[in-house]
Amino acid sequence: MVDILPNSFSVHGDQELEPPAESPEIEKLGVDDMLQKYCGEFGSWQLRHFLLTCLAWALESIHTTVMIFADRQPGWRCLDGGSGRGCSPDAHSVCDLRPGSWEWIHGKGSSTVAEWGLVCGERYKVGLVQSLFFVGCMIGAGVFGHLSDSKLGRKGSLAVICLLNAVFGNLTALSPHYWTYVLFRILTGFSTGGVGVCAFVLATEPIGPNKRTVAGMSTFYFYSAGIAILSGIAYIFPSWRALYIASSVPSILFILILAFINESPRWYLVRGKTKQAMKIMQQIAKSNRKHLPGSVLLVLDEEVDVNMTPNEAEGEPRKPITGSVIDILRSPVARFRLFQTMTIYFTVTVVYYGLTLNVVNLKTNLYLNVFLNAISEMPAFILTIVLLDKFGRKRLAIGTQFFSGLFCIIGSLLKSHGEWKVVRMVCGILGVFGMAGTYNLLLIYSLELFPTVVRNAALGCAAQALHMGAIVAPFVVVLGGRVAFAVFGACGILGGALAVYLPETLNRPLFDTLAAMERGESV
């Protein structure tokens with residue numbers, strides 16, 4: 001006989017059974033909260049993931065700046081007896097010499113300029129191919145920004161990009177004539193344009209909010225390191241065709257590295273793949289020697305306070321939440337932010353590229369100049385990292401652009417000869433220094449301004465504006481003298497003024513959806 005007693009069970013009157021244990025209450029957390037509370041914001045897992053992913057930044061800088069060496073104008077010399085045929089070693093340009101009285105010192109294969117005679121009346125073609133490369137970057141940034149937010153994801157987009165870079169880079173080396181070369185440079189630009197955005201988002205999304213700033217701003221060290229490495233590669237491979245092949249090898253190697261990189265848990269979450277997102281969060285916790293309880297469920301920001309169905313609570317796939325540029329334009333808050341950031345990216349790039357494109361005209365060791373140029377930007381990155389959490393994104397964005405714009409305006413008021421020439425050079429250096437700092441903070445600022453569902457689409461649009469500035473910069477440089485400095489100064493001041501109207505994102509959460517962002521804006 002079984003006696004039933006309150007709150008207990010007994011068998012044959014002498015064996016008691018404990019009441020069934022209640023299932024633990026499910027704790028719903030967003031990605032940032034889960035990283036802070038259980039997984040760790042920046043442990044060994046995030047460090048490995050960050051370092052491997054950011055190698056892609058070095059690839060972007062290599063494919064972008066290889067043109068400095070491939071399209072350079074090499075040295076020339078008079079042929080034996082050339083002086084009697086109208087060749088003078090003291091001539092300012094080969095355009096002043098008679099054809100056949102001189103030759104390129106390192107042969108026609110040393111650069112595209114030497115091989116296809118891109119001098120004198122054909123000199124514009126050098127600037128043309130460089131501008132068209134950035135046109136390809138502008139298109140690719142938008143395309144891959146959208147694809148990385150949709151079905152391809154961040155990791156899948158990087159894989160496609162690196163494969164295309166390797167293919168187009170090697171085909172560039174086989175170009176039989178100038179216009180084929182232009183075509184392959186445009187295609188390389190198309191694939192290169194999406195590298196930075198995809199790599200930055202993939203590297204920083206699994207990092208906690210308190211560590212994201214320093215990590216995100218450290219990505220530029222990889223970009224500068226890539227330029228420095230390219231200087232060594234170009235020195236070893238003086239032929240422009242061999243240089244393009246050698247500079248494409250790292251893209252092939254990075255495809256292999258991608259096998260050791262995980263997809264972003266935030267992307268899985270917004271795509272409705274909660275199980276995959278939770279699996280990565282568990283890997284992060286385990287690698288960081290943390291414990292993630294089984295009763296914790298990863299949800300979107302807007303689902304934290306919403307009752308969920310049993311299937312959703314168990315991590316069953318949900319309907320994916322998608323977003324695009326159209327969704328950004330429909331949201332008043334996101335639309336305004338997008339317009340502001342795109343304009344700022346444009347002005348910053350005009351100044352940054354405009355002030356640095358003159359390196360080939362310094363008449364000194366090109367390899368050393370490019371190397372030192374890459375290294376000189378690093379102090380600006382360090383200073384920005386130190387000051388960003390102290391002054392916030394907004395004030396620092398305003399200050400660095402005003403700093404650069406002010407010295408460019410001063411440079412436009414100075415003469416270009418005598419001791420004033422040196423002062424103007426210093427103004428240009430300080431202008432680059434300020435814009436390097438702005439560049440460094442803009443990506444982390446932009447990442448925090450937009451929610452996960454449209455983050456890459458927004459950054460893709462910003463990258464398009466960035467590349468548009470890169471297209472315009474060479475034409476501003478052609479203006480030369482005071483006019484160019486005045487344009488750079490005006491762009492710096494305009495960018496700083498626009499940043500005044502952006503919100504501060506310091507210590508604010510990364511939102512997952514547009515609705516959550518708009519609610520956060522109204523608080």
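Select from segment 236-264 the residues that are part of a helix (DSSP H, G or I) and closer than 16 Å to Gly156 by Cβ and write down the one among them that is most open to solvent (accessible area, probe 1.4 Å).
Keep residues of segment 236-264 that are part of a helix (DSSP H, G or I), which gives 236, 240-260.
Still in the list and also closer than 16 Å to Gly156 by Cβ: 251, 254-260.
Working: Ser251: 0, Phe254: 3, Ile255: 57, Leu256: 113, Ile257: 46, Leu258: 8, Ala259: 79, Phe260: 137 Å².
Per the stated criteria, the residue is Phe260.
When segment 221-230 is filtered for residues that are open to solvent by 10 Å² or more (accessible area, probe 1.4 Å) and in contact with a Leu (Cβ under 8 Å, 6 or more places away or on another chain), only Phe222 remains.
Listed conditions (1) closer than 30 Å to Met435 by Cβ; (2) outside any helix (DSSP H, G or I); (3) modelled with pLDDT of 85 or more are all met by Val333, apart from (2).
A residue that is within 30 Å of Leu514 (Cα to Cα), touching a Gly at 6+ places or on another chain (Cβ under 6 Å) and surrounded by fewer than 23 Cβ atoms within 10 Å (Cβ to Cβ) occurs nowhere in segment 467-476. State all residues of segment 266-291 that are within 16 Å of Gly208 (Cα to Cα), over 26 Å from the mean Cα position of the chain (by Cα) and crowded, with 21+ Cβ neighbours inside 10 Å; if no residue qualifies, say none. Of everything in segment 266-291, just one residue is within 16 Å of Gly208 (Cα to Cα), over 26 Å from the mean Cα position of the chain (by Cα) and crowded, with 21+ Cβ neighbours inside 10 Å, namely Ala285. Just for segment 246-285: of the residues that are charged (D, E, K, R) and within 14 Å of His49 (Cβ to Cβ), which one is modelled with the lowest pLDDT? Filtering segment 246-285 for residues that are charged (D, E, K, R) and within 14 Å of His49 (Cβ to Cβ), the one modelled with the lowest pLDDT comes out as Arg266.
Filter segment 97-123 down to the residues that are β-branched (Val, Ile, Thr) and crowded, with 20+ Cβ neighbours inside 10 Å, then identify the one that is modelled with the highest pLDDT. Spell out the reasoning first.
Keep residues of segment 97-123 that are β-branched (Val, Ile, Thr), which gives 105, 112-113, 119.
From what is left, the residues that are crowded, with 20+ Cβ neighbours inside 10 Å are 112-113.
Details: Thr112: 91, Val113: 88.
Among residues in segment 97-123 that are β-branched (Val, Ile, Thr) and crowded, with 20+ Cβ neighbours inside 10 Å, the one modelled with the highest pLDDT is Thr112.
Listed by position, the helices (runs of 4 or more DSSP H) contained in segment 413-523 that have at least 1 residues being within 22 Å of Lys394 (Cα to Cα) and touching a Leu at 6+ places or on another chain (Cβ under 7 Å) are 419-449, 452-479, 481-499.
For Lys319, the test of being on the phi < 0 side of the Ramachandran plot, open to solvent by 60 Å² or more (accessible area, probe 1.4 Å), at pLDDT 90 or above and over 26 Å from the mean Cα position of the chain (by Cα) is failed.
Taking Val126, is it more than 24 Å from the chain's Cα centre (by Cα) and either buried (at least 18 other Cβ atoms within 10 Å of the Cβ) or closer than 18 Å to Ala470 by Cβ (or both)? Yes: the conditions hold for Val126.
Scanning segment 136-195 for residues that are open to solvent by 30 Å² or more (accessible area, probe 1.4 Å), among the aromatic types (Phe, Trp, Tyr) and more than 29 Å from Pro206 (Cβ to Cβ) yields Phe168, Trp179, Phe184. Residue-level check: of (1) crowded, with 22+ Cβ neighbours inside 10 Å; (2) assigned to a helix (DSSP H, G or I), Pro206 misses just (2). Scanning segment 401-429 for residues being under 30 Å from Gly232 (Cβ atoms) and open to solvent by less than 20 Å² (accessible area, probe 1.4 Å) gives a total of 2.
When we screen Ala457, Ala486, Ala462 for residues that are touching a residue at least 24 places away in the same chain (Cβ under 8 Å), among the hydrophobic types (A, V, I, L, M, F, W, C), open to solvent by 30 Å² or more (accessible area, probe 1.4 Å) and in contact with a Ser or Thr (Cβ under 7 Å, 6 or more places away or on another chain), the only hit is Ala486. For first residues located in segment 94-107 and among the aliphatic types (A, V, I, L, M), partners that are assigned to a loop (DSSP other than H, G, I, E, B) and lie 6+ apart or on another chain with Cβ distances below 7 Å form the pairs Val94/Val119; Leu97/Gly86; Leu97/Cys87; Leu97/Ala91; Ile105/Pro74; Ile105/Gly75.
Of the set (1) in a helix (DSSP H, G or I); (2) closer than 30 Å to Arg185 by Cα; (3) touching a residue at least 60 places away in the same chain (Cβ under 8 Å), all apply to Trp267 but (2).
The values are calculated or read from the model by the stated rules, or taken from the named source; none is laboratory data. Keep in mind that what you see is a predicted model, and the values were worked out from it rather than measured. Virtual Cβ from ideal backbone geometry, glycine too; neighbours counted across all protein chains shown. Heavy atoms of the whole protein, side chains included, go into the accessibility calculation; ligands, DNA and RNA do not. Shrake-Rupley method; radii C 1.70, N 1.55, O 1.52, S 1.80 Å.
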